[in-house]
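What follows is a set of notes on a single structure, which appears directly below.
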Amino acid sequence: MRVATFHTRSALVDRTMTTQARLAELQAQQASGLKSSDYGGLGSSAGKVIDLSISVTRAEANISAAKTVVSRNDMAASVLRGVTDILTHARSAVSGTRSNDELESLKNNAAEYLEDLKTKLNTQYQGRYLFSGSMTDTAPVDLTAYTAADLTTVNTDYYQGDGYTQTIRLHNGQQMDYGMTATVSGLEEAIRALSYVADGNLSDTSELKDVDALLVSAQDSVIAATSKAGNISSRLGEYVENEKNFITEAQNLAIGETSIDVAKATVLATSYETQLQASYSALSKLLSLNLADYLR
């Protein structure tokens, strides 16, 4: 019996095991919807899927960094709008001063506005000072020893940070500057004008027009800086949306490489089940053969 059926039986067993393995693979694919549970089973598509996965991870990191910058930039813009409000009040106080007798009141008001301005510029967000350059753990404005000698001389002695401008690198190799320090022209002019008045340097109302002109220049510069911050946030917002779209496209491509056609897999599985049943039947008949039955 072994001599007569060995070759046929061995071939049939091998074919049955192959069919059984393929059926198991198809059933696993039907259950998961994936071609394979690991990269090894993806064949030539594995490299492409890995590259897509790396690209998605990089894009997600870019989005996170951009969102962080946008939130900080938006906070800085909010601070600048607060500075604009302070300057509006200061200009109102200057224009409302009509006589030398009112200079003392203006001096006190200027001191209050200067303190408010310092508080604004020393704003912290997420544990970082916004206007100190790279020295984000140092308050940028200290007016303790600061004195404005006149209305025309630029003086940034109040500044405690450095000149570093915050930047973000984008995926295409470009970078975008988004930070500013408390030494930009509008902020320096605002501190200079308010400090000059708060220190009691006005002896009469003749210099009020120069104070107002400096405050106007400061306010214009601050408004321009606020607008620039808004533009940066807008551009980064568009960048984030582009990265999100890229992630969606990359994930769809990866799905195309890793997913199966469930309907097709179902048809194939049915076919293999039929083949397997036929193989089992043939094996059963083959194993029931006995040479002795034919030698009687």
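Sorting Val197, Val184 by accessible area puts them as Val184, Val197; the probe is 1.4 Å, largest comes first, and only protein heavy atoms count.
Coupling constants for region 223-240 follow from the phi torsions by the Karplus curve (6.51 cos²θ - 1.76 cosθ + 1.60, θ = phi - 60°), and in residue order they are 4, 5, 5, 5, 5, 4, 4, x, 5, 4, 4, 5, 5, 5, x, 5, 4, 4 Hz; glycine and proline get x. With the simple model of a label 7 Å out from the Cα in the direction of the Cβ, Arg81 to Gln124 spans 2.4 nm. Annotation for Leu253 and Ser134: the two label points, set 7 Å from Cα along the Cα-Cβ direction, are 3.6 nm apart.
A DSSP coil position with no more than 15 other Cβ atoms inside 10 Å describes the following trypsin sites (Lys or Arg not before Pro) in region 81-114: Arg98.
If you filter region 144-174 for chymotrypsin sites (Phe, Trp or Tyr not before Pro), then keep DSSP loop positions with at most 15 other Cβ within 10 Å, what is left?
Values: sites: Tyr146, Tyr158, Tyr159, Tyr164; in loops: Tyr146, Tyr158, Tyr164.
Those satisfying the criteria are Tyr164.
Database remark: amide H of Thr138 closer than 5 angstrom to the amide H of Tyr129 (H placed geometrically; neighbours at sequence offset of 5 or more, or on other chains; Pro and chain starts carry no H).
The values are calculated or read from the model by the stated rules, or taken from the named source; none is laboratory data. No experiment lies behind these values; they were computed from the predicted model shown. Neighbour counts run over all protein chains shown; Cβ positions are idealised from the backbone, glycine included. The protein model used for the area step is the full one, side chains on, heavy atoms only, and it has no ligands, DNA or RNA in it. Shrake-Rupley method; radii C 1.70, N 1.55, O 1.52, S 1.80 Å.
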